[in-house]
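Take a look at the structure set out below.
The values are calculated or read from the model by the stated rules, or taken from the named source; none is laboratory data. Computed from a prediction, not measured in an experiment: that's the story for all the values here. Neighbour counts are summed over all protein chains in view; Cβ atoms, including those assigned to glycine, are modelled from backbone coordinates with ideal geometry.
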Amino acid sequence: MAQERDGLLGLLYATIFLISTSFGAATFLLPVYAEELGASYIALGILGAIGSGTYMVMTLVSGFLLDRFNRLRLYLIFSVFAVVVVLLFSAATSVSDLMMLRSLLGVVSAMFFPTANTLVADVSPLETLTRSIGRYNLSWIAGFIAGPFIGGLISDLLGFPVLFIVMSALIAVSCTIIWRGLVIKVEPSEKTMRRKFDPSALRGLYAAYLTILPHGVALGIYMSILPGQMRGMGIAPSIIGLMLTMSNSMRGLGFFNVERFVDWGERRALCLASCLMCAALVAIAFSRSIPSFIAPLAMFGLSGGIITPLIQNAIARRSPRHVLGMAMALNESLYGASMFIGPLVGGIMAEIFKPTTLYLSFAVLSLTIMPLSFRFGGSESG
């Protein structure tokens, strides 16, 4: 039984990596493509907000479906939809085209991440849940590391339309693995039909959910505004992709050490992440060259690498199995809500004032993670 679970988890991690590589390239390099097509800061903000808005709504739909239907089959259906959406980007010729397609990318992302997260938590034994969540995060962050780097090279050499065709093909490979390696080999169980959603089952998770908000707002700026701003400074897409790869590698470092951070204490780790994020945003506010972006992007990546798995681990451990899909989906929905607000407000601030004001304002906001961490309810170690 343990060997069967390990095999199932291994295949899940492989598909998560492939799909995340595609999503990583599309999401992080889309602002670069938009800037080349003439997008303003406001347009970049709207582009990010559109994707996050659809993500916010559709994650709740995803959670509803996950607690009522076969999760593996839904995973396959969502992945097939992702193939089509990413391929459509290759036909985009204007910023308005990108905005329409970004909303669809938000839909498929909202279907993918809660489903993958729920499947990993559902399959993993409780005694190894923290480790499994860490590996889940390592799988998608590895894709977010590879995606922007490979995507930057492809877009530099062959152009953005070819990039999206290649990324769509990667998801198609993942669909084959899901169908042949997971769906047709795993018998549906009676657990597929879940009970009616009970909000009281999530009592005790509110502090964890609130901690998501300041991180998500800053993350929305990082993903939607910063890449386009760097392109406007004359930095090549391949270099932007490389720096985002480095930042995401630091997130991966945090994911890899999630068990150590849990042992050290949730509150201490979240306070550390808050300080790192604040320092990173302050430094980004005054960065004007490639070398000056390296340290703050590394700090920002590490802060996210601490926050994300700690919150996921708390939610997964404290949620009854019959509402696990909705619990994980609500986590992602709150990220979507905050990442909707961040780019929208941030784009307006950057256009009316200047990017420096934007980053300094959000640096102050990131410090609210510290008081929220004291309501998190985690035990301290040491």
Could you say which residue among Ile133, Ile150 is part of a helix (DSSP H, G or I) and closer than 23 Å to Val173 by Cβ? Ile150
Looking only at residues in the stretch 231-241 that are over 14 Å from Pro148 (Cα atoms) and of a type in the set (A, V, I, L, M, F, W, C), which one is farthest from the chain's Cα centre (by Cα)? Met233
Please specify each residue of the stretch 126-173 satisfying the condition of being more than 28 Å from Ile306 (Cβ to Cβ) and among the hydroxyl-bearing types (Ser, Thr, Tyr). Ser155, Ser168
In this structure, does Tyr41 turn out to be more than 30 Å from Leu12 (Cβ to Cβ) and buried (at least 22 other Cβ atoms within 10 Å of the Cβ)? yes
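Among the listed residues Val107, Val120, identify the single one that is in a helix (DSSP H, G or I), touching a residue at least 12 places away in the same chain (Cβ under 8 Å) and either touching a Lys or Arg at 6+ places or on another chain (Cβ under 7 Å) or surrounded by fewer than 24 Cβ atoms within 10 Å (Cβ to Cβ) (or both).
Val107
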Index of the failed condition, Ser79 passing every other in (1) under 28 Å from Ile154 (Cα atoms); (2) buried (at least 24 other Cβ atoms within 10 Å of the Cβ); (3) out of contact with any Cys (no Cβ under 8 Å at 6 or more places or on another chain): (3)
Would you confirm, using the coordinates I've provided, whether Ser274 is under 20 Å from Phe28 (Cα atoms) and of a type in the set (Ser, Thr, Tyr)? no
Those residues that are surrounded by 20 or more Cβ atoms within 10 Å (Cβ to Cβ) and either within 14 Å of the chain's Cα centre (by Cα) or of a type in the set (Phe, Trp, Tyr) (or both), I need them from the stretch 339-375; list them, please. Met339, Phe340, Tyr359, Phe362
Could you say which residue among Gly45, Gly10, Gly38, Gly63 is within 15 Å of Ser139 (Cα to Cα) and over 14 Å from the mean Cα position of the chain (by Cα)? Gly10
Among the residues of the stretch 92-139, which ones are within 19 Å of Gly24 (Cα to Cα), over 15 Å from the mean Cα position of the chain (by Cα) and small (Gly, Ala, Ser)? Ala92, Ser103
Selected residue (criterion: farthest from Gly220 (Cα to Cα)) from residues of the stretch 250-308 that are assigned to a helix (DSSP H, G or I) and among the basic types (Lys, Arg): Arg260
Just the residues that are in a loop (DSSP other than H, G, I, E, B) and at pLDDT 90 or above, please, taken from the stretch 353-379. Leu367, Thr368
Restricting to the stretch 268-296, give me the number of residues that are buried (at least 19 other Cβ atoms within 10 Å of the Cβ), closer than 16 Å to Gly232 by Cβ and not β-branched (Val, Ile, Thr). 2
